[in-house]
Amino acid sequence: MSTAPATVEDADAGELAAAVREAPFVGVVAAADGDSLAASGVLARALGERSTPFQVRVDPVPDPLPGDGDDLVVGLGVGGGDLSLAGDDRPVSVGAAAAARELGVDPDPVLALAGVAAAGRPVGDAASLLESAERRTAVERRPGVAIPTPDPADGLAHSTLVSASPSGDPEAAEATLADLGVSAEPSDEERRRLASWLAVEASASSARAAEAVERALHPYATPDGRFATVGGFGDALDAAARERPGSGVALAIRDGDAARVATLDAWRAHGRAVHGALADATTGRYDGVFVARVEEGNPGRLGTVARLCRDFRSPEPVALAVGDDAAAAASTADAALDRAMAEAVRAVDADGRSVGGSRRATARFGGAVEVSRLITAFREALE
């Protein structure tokens, strides 16, 4: 067994730093989301500064086991390993940044803030990280929409921060911008025009969409950064974690044009896939749960479908996206989704596995399952 404390769930920065100092090797197992991916990069860079060997793995349904011998396994966004940062109470990236400081390493504040944005939290909630970024003049507030590239059509078509009429359709995005008089290199006035249109357009789709769309508006720009805005960076990280985790890990650990290009390719592919799945979904409303049945087996993509469905389609507090051999759920408030999903999986597939927290959960099955049984078991577990 590792010399770290036995399975410390949601460790604090001091506990994580103390365990890392003693470990000859650190294995990082991260959930497939932008917050956990950013946290893995923050922690990996700190380990690199200390010349501690490490390995990073990203998985939509991870199962981190304790390390062998004196090795340390850290779960990010998931319980397990020798210790973990679960991310229910605060973004995992914030905890990883605090641990890096405990180790004497100054974390990249923009990377950590991108994780905060990917967790769906306001960037301003991470005050110390934002202050650090502002001291470096790495960020500045501006009007407009949070996208990872300078091209507004690219951002409008592929963003997974919102669900709007041009989502997933580059040609429709181009036409929308032409109608709005927004150029490829928009002025601040054009950015305001686009943001105002998006706020109205996205808000019309559900009762809670007006609040959800706020995370995509009035972004923090990164004038000299790899991505155009902090929120867009977080969106790209989230997509890469779910679509092509190897590219996401490469970007989070080190800067590089190749990793940036690969991450943006993953973001575009993810945006097209999830918006297409959401548009073609068969939906049903139950007491407390809105279900979207989609032709999609990638559990990472289903997590994004569930989130977008919760924010922009569902009149219920919980959204459940179900594919052929995977499922994901998202809720507006603490609903013990991890427990509900685990019970639902046990009811339909002995070989299935699920992970998550109080507001999100993801499952992968050994094969195709009876969807109606899964939905019933999930609903009963929520009651």
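The values are calculated or read from the model by the stated rules, or taken from the named source; none is laboratory data. Treat the numbers as computed from the prediction; the structure is a model and nothing was measured. When we count neighbours, we look across all protein chains shown, and the Cβ atoms used for this are built from the backbone with ideal geometry, even at glycine.
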Exercise for the section: Look at Ser51 and say whether it is part of a helix (DSSP H, G or I) and not assigned by TED's automatic domain parsing to the domain that holds Gly300. Expected result: no
Completion exercise
Residue set Ala240, Ala236, Ala292; condition in contact with a Cys (Cβ under 6 Å, 6 or more places away or on another chain) and either buried (at least 23 other Cβ atoms within 10 Å of the Cβ) or not hydrophobic (A, V, I, L, M, F, W, C) (or both); output residue Ala292
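Residues are listed down the side, and each one gets a yes or a no for (1) among the aromatic types (Phe, Trp, Tyr); (2) without any contact (Cβ under 8 Å) to a residue 24 or more places away in the chain:
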{"residue": "Ala199", "(1), (2)": "no, yes"}
{"residue": "Ala202", "(1), (2)": "no, no"}
{"residue": "Arg208", "(1), (2)": "no, no"}
{"residue": "Glu214", "(1), (2)": "no, yes"}
{"residue": "Tyr220", "(1), (2)": "yes, no"}
{"residue": "Pro223", "(1), (2)": "no, no"}
{"residue": "Arg226", "(1), (2)": "no, no"}
{"residue": "Phe233", "(1), (2)": "yes, no"}
Practice task
Just give me the residues in region 19-54 being farther than 18 Å from Ala112 by Cβ, in contact (Cβ under 8 Å) with a residue 60 or more places away in the chain and over 23 Å from the mean Cα position of the chain (by Cα), in sequence order.
Solution key: Ala19, Arg21
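Which of the residues that make up region 151-182 are within 23 Å of Arg226 (Cβ to Cβ) and either more than 26 Å from the chain's Cα centre (by Cα) or not in a helix (DSSP H, G or I) (or both)? Step through it out loud before you land on a result.
Kept after step one, since they are within 23 Å of Arg226 (Cβ to Cβ), are these residues of region 151-182: 151-162, 170, 173.
Within region 151-182, Asp151, Ser159, Thr160, Leu161, Val162 meet the criteria.
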Exercise for the section: Output yes when any residue across region 291-310 is without any contact (Cβ under 8 Å) to a residue 40 or more places away in the chain, under 18 Å from Ala119 (Cβ atoms) and not in a helix (DSSP H, G or I), and no when none is. Expected result: no
Completion exercise
Checked against (1) modelled with pLDDT of 95 or more; (2) part of a loop (DSSP other than H, G, I, E, B); (3) touching a strand residue (DSSP E or B) at 6+ places or on another chain (Cβ under 8 Å), Pro64 satisfies every condition except (1)
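Just the residues that are part of a helix (DSSP H, G or I) and touching a strand residue (DSSP E or B) at 6+ places or on another chain (Cβ under 8 Å), please, taken from region 217-245. Don't jump to the end; show me each part of the working.
Filtering region 217-245 down to residues part of a helix (DSSP H, G or I) leaves 230-243, 245.
Once the filter is applied, which keeps residues that are part of a helix (DSSP H, G or I) and touching a strand residue (DSSP E or B) at 6+ places or on another chain (Cβ under 8 Å), region 217-245 yields Val230, Gly231, Ala241, Pro245.
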Completion exercise
Checked Ala326, Ala330, Ala306 against criteria (more than 23 Å from Asp89 (Cβ to Cβ), within 20 Å of the chain's Cα centre (by Cα) and surrounded by 24 or more Cβ atoms within 10 Å (Cβ to Cβ)); the one match is Ala326
Exercise for the section: Please enumerate the residues belonging to region 267-317 that are under 22 Å from Val61 (Cβ atoms), hydrophobic (A, V, I, L, M, F, W, C) and out of contact with any helix residue (DSSP H, G or I) (no Cβ under 7 Å at 6 or more places or on another chain). Expected result: Ala281, Leu302, Ala306
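Among the helices (runs of 4 or more DSSP H) lying completely within region 83-140, list those that include at least 3 residues that are assigned by TED's automatic domain parsing to the domain that holds Val28, under 17 Å from the mean Cα position of the chain (by Cα) and buried (at least 19 other Cβ atoms within 10 Å of the Cβ).
Details: elements: 92-102, 109-118, 127-135.
Per the criteria, 92-102, 109-118.
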Exercise for the section: Quickly run through region 344-380 and pick out the residues that are buried (at least 23 other Cβ atoms within 10 Å of the Cβ) and assigned to a helix (DSSP H, G or I). Expected result: Ala344, Val345, Leu374, Phe378
Problem - Single condition Met341 does not satisfy, out of (1) within 17 Å of Val289 (Cα to Cα); (2) part of a strand (DSSP E or B); (3) among the hydrophobic types (A, V, I, L, M, F, W, C) - result: (2)
